[in-house]
Amino acid sequence: MITKTSEAFQFDTIDDVVSDIAKGKLVIVTDDAGKAYRTLLSAKGPLLGFALSADGATLHAGGPDDGLFAGDANGVAPTAI
């Protein structure tokens, strides 16, 4: 189970994180070459498509259960469109 807090996502267990990544339900990003990761998007179902703009500023992701999301790749959670 993932819940959104004021600035981040909180996971019940590390197994939830690994499971959701394996199922393609999370878009995570690192700003420090992999020392730490943060969640940009958490979906109900698998995210089968992902696109990042050439300048790295905008992302689009989507799947059959959630539809299409678009947002700022610099940390603002994408919104459904």
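The values are calculated or read from the model by the stated rules, or taken from the named source; none is laboratory data. Computed from a prediction, not measured in an experiment: that's the story for all the values here. Reconstructed Cβ throughout: ideal geometry from the backbone, glycine too, with neighbour counts over all protein chains shown.
Results, tabulated for the structure shown:
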| read-out | value |
| --- | --- |
| Filtered residues of the range 51-73 (kept if closer than 16 Å to ILE28 by Cβ and in contact with a Ser or Thr (Cβ under 8 Å, 6 or more places away or on another chain)) | LEU52, LEU59, PHE69, GLY71, ASP72, ALA73 |
| Hey, LEU47 at pLDDT below 85, within 19 Å of ILE21 (Cβ to Cβ) and in contact with a Leu (Cβ under 9 Å, 6 or more places away or on another chain) or not | no |
| Residue in the range 4-11 that is modelled with pLDDT under 75, assigned to a loop (DSSP other than H, G, I, E, B) and touching a Ser or Thr at 6+ places or on another chain (Cβ under 8 Å) present | yes |
